Structure formats: C-alpha cells, structure tokens
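The values are calculated or read from the model by the stated rules, or taken from the named source; none is laboratory data. In this text, all values refer to a predicted model and were calculated from it rather than measured experimentally. Using ideal geometry, Cβ is built from the backbone for each residue, glycine included, and neighbour counts are taken over all protein chains shown. Ligands, DNA and RNA are excluded from the accessible area calculation, which covers all protein heavy atoms including side chains. Shrake-Rupley method; radii C 1.70, N 1.55, O 1.52, S 1.80 Å.
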Amino acid sequence: MSDQKELSDISWKAFNALSLKEKGDYFRADGHTLIAQQFSRGQLEALCTLATRIKRINKRREGANFLKTLLSDKRAMLYFAQPSSRTYLSFNAACQILGLDTMDVRDTATSSEVKGESAEDTLRTFSSYADMIIMRHPAGGFAERVAWMMAHTKREIPVLNAGSGADQHPTQALLDVYTLARSFEKTGGIDGKHIIFVGDLLRGRTVRSLAWMLTLYKDVTLYFVAPDSLQIGQDILDLLDQAGTKYVVSQDFASVMPIADAIYMTRIQDEWDVEGEARTTDSSDFRIGAEHMDIIKDTAVIMHPLPRRKEISTEIDNEPRAVYWRQMRNGMWIRAALILSTFGREDEVNQYYDDYKPVA
Ligand code: ASP
C-alpha cells in the first residue's frame with residue numbers, strides 16, 4: 001500500500017489538527033504550494049537553479065520563444081482578493097514567460113460573491129476553467145481550505161498561495177531565499193549567516209515564512225528586531241526551537257547592524273490594526289538610511305519585500321548593498337521555476353540548458 005498522503009483521504013477536521021510539517025507532506029504530494037514548511041532544502045536549491053536557468057535562457061529570443069511553448073497547453077486563474085501589484089504582476093509575468101494563459105479576478109466585488117456566493121463556490125467555479133489557481137486571500141488558512149476542497153470535489157488542480165492573511169507568503173520566501181543564495185554565492189552561501197529582520201514582525205507574513213525556510217540552513221542566526229508590540233509570534237520562535245535554529249529577540253537595531261550579513265526591513269502593517277487596539281507604534285528606531293552605511297558590513301545586503309514606507313531611506317537606493325529591487329525581480333524567475341516544476345516540466349528546461357549552455 002502506498003504511504004503517499006493525499007488530501008482526498010483526510011477529513012478537514014483531522015487535517016486541521018496536523019502540524020505544519022505534516023500538512024506540508026500532503027501539499028507536496030498533491031502539487032500545491034501553500035506553506036513554507038512544505039519545502040526541503042533540496043527543493044529550494046533545485047528551484048533556485050531552475051530559476052537561474054530560465055532567466056538565462058530567456059535572455060535570447062530563441063530561448064524566450066522556447067520557454068513560451070512549455071506550458072502553452074495550460075491556463076492559470078489568478079484570484080487576488082486582497083490588494084497586490086508586485087505579486088500579481090510577478091506571477092502574471094512568470095506565466096507569460098512559460099506561455100501559460102491567465103485569467104483573473106482582482107476584486108471580489110466583480111464576482112458572484114456579491115450575490116451571496118461563498119468564496120469556496122467561487123473558486124470551485126474558477127477551477128473548471130483553469131489548470132492552476134494562484135490565490136491571495138485576507139483569511140489565513142483559506143488557500144489550504146481551497147486545496148482540500150479541490151481534492152474532495154475531484155477537481156485536483158494545484159493551488160499556489162500568493163499570500164494568506166498575516167500568516168504565510170511562501171512564494172515571497174522562495175524569492176527571498178533565491179536572493180540570499182545569489183547574494184552569498186561567493187561567500188559560502190546562506191549557511192552560517194546572520195540575518196536580521198526589522199519592523200512589523202508580528203503581522204509580516206513574509207518574515208514568518210522566510211524565518212522557517214531559513215531553518216533549513218546550517219548555523220544561521222536570526223535576529224528579530226521590533227518594538228515589543230510588533231515582535232515575532234511565539235509560534236515562529238517555537239518552530240525555530242524545534243529546528244534548533246539560533247535566534248535573538250531584540251529592540252536594539254543599532255547594536256546588531258554591524259554583525260548583519262542580511263538586513264530584511266519590513267513596513268508597519270497597519271491594515272491589520274483593530275479599532276481600539278491599534279498596534280502601530282513609533283517605528284523611527286527601526287529604519288535604515290545613509291547614516292548607517294558605514295556601520296554595516298561591505299558584504300551585507302539590505303532587503304525588503306516591498307512596498308516600503310519610510311523604513312528605508314530612498315538615499316540608499318543606488319547603494320550596491322541595497323538589493324530590494326533585484327529581490328523583487330527575482331520573484332518572477334523563481335515563480336516561473338515553481339510553476340514549471342509544479343507541472344513537472346522542468347526536465348525540458350534542463351535539457352535545453354545543457355544543449356545550448358546560455359551565457360550568464
Ligand atoms: N508585499 C508583502 C506582502 O504581501 C509585504 C507587505 O505587504 O508589506 O505581504
């Protein structure tokens with residue numbers, strides 16, 4: 001009997017009681033990308049390699065034309081029930097690179113949800129027209145529910161989570177890992193690095209997903225620098241403890257700046273503030289600007305999932321250590337790699353790459 005875990009074999013209640021790692025086994029088996037915890041280091045490395053190959057092949061017209069044939073038999077539905085420009089466009093561009101047609105709903109006010117249809121029924125409807133759903137939703141865990149529902153309606157198409165609630169943003173974490181891996185290519189990779197997260201760590205889903213992915217690397221130390229009211233959740237610290245990853249929780253940005261190999265800035269996520277208990281606090285100590293450039297290492301990188309507010313001064317935008325614009329562009333390549341491998345078509349790229357050896 002196969003020990004393959006399939007969502008169609010488990011009730012929602014039993015599924016919900018599983019740990020994130022256990023859930024990850026189900027998602028992986030069914031081809032979904034829903035949580036950071038479903039990835040292994042080997043998979044991350046394979047995706048990074050594939051992303052770079054796609055990027056190099058795409059540089060030449062013949063290569064770009066070849067890539068466009070790879071998924072020309074597929075259609076993706078982009079369902080974004082929360083504001084997005086970068087992630088939406090980056091997924092859309094990734095689909096275009098691979099010749100995958102896209103359809104979208106970006107405003108639920110234009111769907112039958114206004115007639116009282118549940119979001120689940122809406123997504124079930126969309127799944128009839130598409131071979132993949134790429135979705136963003138304000139409710140944490142909703143993408144998981146959709147994947148489970150697909151399995152139980154026998155419409156088993158992959159679901160990619162493009163951001164869920166304040167909880168998970170696994171494809172942002174993929175592009176962050178890709179950016180870190182490329183930035184540290186000549187300095188021993190991600191292993192052993194000191195990575196500092198700054199800002200709204202409580203509600204920043206990108207940090208929550210990335211922090212977990214970094215547990216897959218050896219001897220990294222993570223620093224969480226935030227005002228008390230916006231500090232990283234205990235659930236993430238528990239996961240780091242279980243993984244044996246070292247971390248430091250602090251409010252003192254200046255004291256850790258000099259040891260950073262990467263500084264990952266985030267904005268205050270005040271869209272999650274609840275009336276009467278607004279958590280938005282003075283964040284002026286949690287910003288980086290030209291006056292800090294002498295303190296941080298020459299080899300360090302400054303990252304941000306964007307959009308930014310004032311936490312990174314525009315004065316440092318042309319600083320070689322500021323990699324946030326490159327980081328954003330990396331999203332398109334790693335998402336193309338993810339989509340291609342979700343459909344199991346990566347061998348065609350690898351074969352093309354070996355045959356034509358496109359230059360860097
Ligand atoms: N773009 C990221 C997200 O969707 C970060 C942010 O919005 O601050 O979570």
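Here are some residues: Arg267, Arg287. Which one is within 16 Å of the ligand (Cβ to nearest atom), free of Cβ contacts under 8 Å to residues at least 40 places away in the same chain and closer than 22 Å to Arg321 by Cβ? If you could, list the steps in order and put the result at the bottom.
Numbers: Arg267 fails: free of Cβ contacts under 8 Å to residues at least 40 places away in the same chain.
Sole residue among the options that is within 16 Å of the ligand (Cβ to nearest atom), free of Cβ contacts under 8 Å to residues at least 40 places away in the same chain and closer than 22 Å to Arg321 by Cβ: Arg287.
If the requirement is being modelled with pLDDT under 95 and more than 20 Å from Thr179 (Cα to Cα), which of these qualifies: Arg86, Arg28? Outline the logic, then answer.
Numbers: Arg86 fails: more than 20 Å from Thr179 (Cα to Cα).
Just a single option satisfies the conditions, and that option is Arg28.
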| message | Anything in region 237-267 that is under 19 Å from the mean Cα position of the chain (by Cα), open to solvent by less than 10 Å² (accessible area, probe 1.4 Å) and hydrophobic (A, V, I, L, M, F, W, C)? List them, or say none. | response | Leu240, Ala262, Ile263, Met265
| task | Could you tell me which numbered condition His304 fails, if it satisfies all but one of (1) within 16 Å of the ligand (Cβ to nearest atom); (2) touching a residue at least 60 places away in the same chain (Cβ under 8 Å)? | result | (2)
| message | Within region 103-216, considering only helices (runs of 4 or more DSSP H) that don't extend past its boundaries, which have at least 1 residues that are within 15 Å of the ligand (Cβ to nearest atom)? | response | 142-152, 170-183, 205-214
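In the set Ser183, Ser209, which member is open to solvent by 30 Å² or more (accessible area, probe 1.4 Å), closer than 22 Å to Arg335 by Cβ and either touching a Phe, Trp or Tyr at 6+ places or on another chain (Cβ under 6 Å) or among the hydroxyl-bearing types (Ser, Thr, Tyr) (or both)?
Values: Ser209 fails: open to solvent by 30 Å² or more (accessible area, probe 1.4 Å).
One residue alone meets the criteria, Ser183.
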| Looking at region 212-235, which of its residues are in contact with a Lys or Arg (Cβ under 9 Å, 6 or more places away or on another chain), without any contact (Cβ under 8 Å) to a residue 40 or more places away in the chain and open to solvent by 20 Å² or more (accessible area, probe 1.4 Å)? | Asp219, Asp235
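Results for (1) touching a strand residue (DSSP E or B) at 6+ places or on another chain (Cβ under 7 Å); (2) outside any loop (DSSP other than H, G, I, E, B); (3) open to solvent by less than 50 Å² (accessible area, probe 1.4 Å), shown as yes or no for each residue.
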position: Leu18; (1), (2), (3): no, no, yes
position: Gln37; (1), (2), (3): no, yes, yes
position: Gln43; (1), (2), (3): no, yes, no
position: Leu50; (1), (2), (3): no, yes, yes
position: Glu62; (1), (2), (3): no, yes, no
position: Asn65; (1), (2), (3): no, yes, no
position: Tyr79; (1), (2), (3): yes, yes, yes
position: Pro83; (1), (2), (3): no, no, no
position: Ala94; (1), (2), (3): no, yes, yes
| query | Has region 274-284 got at least one residue that is away from the ligand (no atom under 16 Å from the Cβ), farther than 21 Å from Ala166 by Cα and open to solvent by 50 Å² or more (accessible area, probe 1.4 Å)? | reply | yes
